[in-house]
Amino acid sequence: MLIVYPWTQRFFASFGNLSSPTAIVGNPKVQAHGKKVLTSFSEAVKNLDSIKKCFAPLSKLHCEKLHVDPENFRLLGDTLIIVLAAHFGKDFTPDCQAAWQKLVRVVAHALAHEYH
Amino acid sequence: MVLSPADKSNVKAAFGKIGGHVEEYGGEALERMFAAYPQTKTYFPHFDLGKGSAQVKGHGKKVAAALVEAANHIDDIAGALSKLSDLHAQKLRVDPVNFKLLGQCFLVVVAAHNPALLTPEVHASLDKFLCAVGTVLTAKYR
């Protein structure tokens, strides 16, 4: 996401060197943050019936402290899906993609839900 | 969004590596788009959209051919796709939002079949290219 949609770097000034794709890929803060984000996603997967509730605190955080435009959640979701496709190849079937596109949309929506 | 020389070179190289598979990718991208974004099916009431549909495969070939044409004339995508642009503006009038959806699905197909090809830089270039194609196809809408 930081490479494909470089304007998303605006939220990560504290991450140090994001000056090139190589720098971004090798940046330990990026890797650590990626782990955090995916762990959070896995919480959604464990709580598929109450995603809005599950993400309410994170939503407030993204609005009030982090000031992230929710459009960025959509960009990350789409990028995540492409990463999954690259990892799982043919196993990432059209039905699988369809379900994941719904999931990322629901997660993005939940993360935006508490915005005011 | 402007395609840099590096973008153009990445796009041409990517299509080179995809080679003859591109027709199959077009069909699969459409299949994925219809599955993930059912609202896109509204543009194809006259098609059989079931699994393995020959019509979808045929249409996929057309879409792929247009992308290849754009890649081969990457310095003048508007010129290369001018007739398609007219067609979409006057006859098809597919809402602009849908080009992004197909673009996403095309990238997923490339990723699923060629993980090594889709480095972040190539992903970025292809994404920009697909955006540019969508922009050209909707340029004459109003």
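The values are calculated or read from the model by the stated rules, or taken from the named source; none is laboratory data. Being a predicted model, the structure only gives us computed values, none of them experimental. Neighbour counts are summed over all protein chains in view; Cβ atoms, including those assigned to glycine, are modelled from backbone coordinates with ideal geometry. Ligands, DNA and RNA are excluded from the accessible area calculation, which covers all protein heavy atoms including side chains. Shrake-Rupley method; radii C 1.70, N 1.55, O 1.52, S 1.80 Å.
Among the residues of the range A:71-93, what is the count of those that are within 14 Å of the chain's Cα centre (by Cα), surrounded by fewer than 16 Cβ atoms within 10 Å (Cβ to Cβ) and not charged (D, E, K, R)?
Matching residues across the range A:71-93 total 0.
From the residues in the range B:94-125 that are among the charged types (D, E, K, R) and more than 7 Å from chain A (Cβ to nearest Cβ), which one is nearest to B:Val22 (Cα to Cα)?
B:Lys100
Within the range B:12-56, how many residues turn out to be assigned to a helix (DSSP H, G or I) and either within 14 Å of chain A (Cβ to nearest Cβ) or touching a Lys or Arg at 6+ places or on another chain (Cβ under 7 Å) (or both)?
21
Checking B:Pro115 against (1) in a helix (DSSP H, G or I); (2) surrounded by fewer than 20 Cβ atoms within 10 Å (Cβ to Cβ); (3) not aliphatic (A, V, I, L, M), which test does it fail?
All conditions are met except number (1).
When you go through B:Lys128, B:Lys91, B:Lys62 one by one, which is the residue that is in a helix (DSSP H, G or I), within 13 Å of chain A (Cβ to nearest Cβ) and open to solvent by 30 Å² or more (accessible area, probe 1.4 Å)?
B:Lys128
In the range A:1-41, which residues are within 12 Å of another protein chain (Cβ to nearest Cβ), without any contact (Cβ under 8 Å) to a residue 24 or more places away in the chain and among the hydroxyl-bearing types (Ser, Thr, Tyr)?
A:Ser20, A:Thr22, listed by residue number.
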